[in-house]
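Read-outs: derived from the displayed coordinates by stated rules, not from any lab. As the structure is a prediction and not an experimental result, all values here were calculated from the model. Here the Cβ positions follow ideal geometry from the backbone for every residue, glycine too, while neighbour counts run over all protein chains shown.
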Amino acid sequence: MRRHYGETRAQREANWKARFSDAVVTLEPKYSGRIEWDSATFFYNQGMEPQEAAERYVKNREPRDA
């Protein structure tokens with residue numbers, strides 16, 4: 001018998017971060033494996049959607065990488 005349990009907070013955060021990571025790498029492949037997870041956690045805690053957070057993350061990182 002399969003039991004259904006709701007998604008935990010940790011699972012929600014992990015799923016959000018996976019979608020965020022995919023969006024960041026889609027926007028700018030050079031960040032593959034180089035995401036600052038403290039920034040991602042901040043965006044998650046602000047309640048931003050992963051795509052919106054990824055766009056802001058890439059935009060804010062550009063000047064430092066130039």
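Just a few scattered comments:
- Per residue of the chain, the DSSP helices (runs of n ≥ 4 H) give a summed -39500 (n - 2.57) that works out to -21500 deg cm²/dmol at 222 nm.
- Assuming charge only on the beta carbon of Lys and Arg (+1) and of Asp and Glu (-1), the dipole of segment 5-47 about its Cα centre is about 40 debye to the nearest 20.
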